[in-house]
Amino acid sequence: SQTIHQWPATLVQPVGSPLSLECTVEGTSNPNLYWYRQAAGRGLQLLFYSVGIGQISSEVPQNLSASRPQDRQFILSSKKLLLSDSGFYLCAWSVERSGNTIYFGEGSWLTVV
Amino acid sequence: GQQVMQIPQYQHVQEGEDFTTYCNSSTTLSNIQWYKQRPGGHPVFLIQLVKSGEVKKQKRLTFQFGEAKKNSSLHITATQTTDVGTYFCAGRGGSNYKLTFGKGTLLTVNP
């Protein structure tokens with residue numbers, strides 16, 4: 001069966017510090033990968049998606065970047081965090097053969113102080 | 001771009017009452033999906049609707065997809081405290097891998 005791992009689960013970072021959130025998917029190949037952000041426990045904002053290694057599409061201009069160095073690995077980064085980057089970050093995957101249903105990781109709570 | 005509106009934002013009910021959340025898209029959808037997020041948790045897939053006018057049931061949950069494939073609803077009969085959480089609809093338009101999520105409806109149930 002497929003699983004998705006995302007880490008770290010929580011982190012508190014000072015303003016101006018770098019960020020790296022990692023996500024790996026197991027049990028499937030060539031998944032579509034996503035990073036979402038959820039602010040204030042509500043709506044889901046799509047930040048990045050990737051349909052293959054090295055292929056990243058950004059949905060909104062921001063202080064963040066994403067990379068996909070391996071087929072089932074997706075990384076969310078920032079060189080200098082802002083207070084507004086605080087939120088709940090969710091990695092997710094989907095495959096076309098299952099109707100592209102999106103499966104979310106357990107999320108990472110980021111607090112920028 | 002595609003927009004998905006979801007109402008109400010919040011709904012508080014007494015245990016045993018029914019609950020409905022509605023989802024409307026600005027464009028025709030190829031399919032719509034529903035997710036549930038428990039407090040402190042991550043969204044979990046509930047169901048996908050594909051056909052015009054489709055109705056699916058999961059125990060006390062009934063999902064409908066409109067005839068024009070631009071709206072959908074989730075109805076819960078006789079709510080229980082375990083139903084607490086935020087329910088999201090997500091619509092897929094022309095793109096095969098991008099879902100547009102509604103802002104969700106937060107359901108609270110008073111025991």
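The values are calculated or read from the model by the stated rules, or taken from the named source; none is laboratory data. Note that the structure is predicted; figures quoted are calculated from it, not measured. Methodologically, a virtual Cβ is constructed for each residue, glycine included, from the backbone with ideal geometry; neighbour enumeration extends over all protein chains shown. Ligands, DNA and RNA are excluded from the accessible area calculation, which covers all protein heavy atoms including side chains. Shrake-Rupley method; radii C 1.70, N 1.55, O 1.52, S 1.80 Å.
Some notes on this structure:
- Using θ = phi - 60° and Karplus 6.51 cos²θ - 1.76 cosθ + 1.60, couplings along segment B:19-34 (whole Hz; Gly, Pro as x): 9, 9, 10, 10, 9, 10, 9, 6, 9, 5, 9, 7, 7, 9, 10, 10
- Summed residue charge, Cβ within 13 Å of B:Pro39's Cβ, Lys/Arg positive, Asp/Glu negative: +2
- Hits among lysines - C-alpha to C-alpha of B:Lys98 under 22 Å, sequence gap 8 or more where chains match: B:Lys36, B:Lys51, B:Lys69, B:Lys70
- Just the protein heavy atoms count here, and of the accessible area of chain A at 1.4 Å, carbon and sulfur take up 53 percent.
- Summing charges over neighbours of A:Leu47, with a neighbour being any other residue whose Cβ is under 14 Å away from its Cβ, gives +1 when K and R count +1 and D and E count -1.
- Relative contact order, percent, chain A [alpha-carbon distance under 8 Å, six or more residues apart]: 35
- In segment A:79-113, comparing the full protein assembly with the chain on its own, the residues that lose 50 Å² or more of accessible surface at a 1.4 Å probe are A:Asn100, A:Thr101, A:Ile102, A:Phe104.
- Counted charge near B:Thr77, where neighbours are those whose Cβ lies closer than 13 Å (Asp, Glu -1; Lys, Arg +1): -1
- In this view, the solvent-accessible surface of B:His75, computed with a 1.4 Å probe and all protein chains in place, comes to about 60 Å².
- Averaging Cα coordinates gives a centre for segment A:1-59 and one for segment B:31-50; these two points are 18 Å apart.
- Reach of A:Lys79 by Cα under 20 Å, taken over aspartates and glutamates that are not fewer than 8 positions away in the same chain: A:Glu22, A:Glu59
- In the A-B interface, the accessible area buried, summed over both sides, Å² (probe 1.4 Å): 1800
- In the full protein context, chain B carries 48 Å² of accessible surface per residue, based on a 1.4 Å probe and ignoring ligands, DNA and RNA.
- Once the partner protein chains are put back, segment B:35-56 shows a loss of at least 20 square angstrom of accessible area, versus the chain by itself, at B:Tyr35, B:Gln37, B:Gly40, B:His42, B:Pro43, B:Phe45, B:Gln48 (probe 1.4 Å, ligands and nucleic acids excluded).
- Per residue, chain A exposes 46 Å² of solvent-accessible protein surface, assessed with a 1.4 angstrom probe and all protein chains in place.
- Solvent-accessible area of segment B:1-93 (1.4 angstrom probe, protein heavy atoms only): carbon and sulfur portion equals 51 percent.
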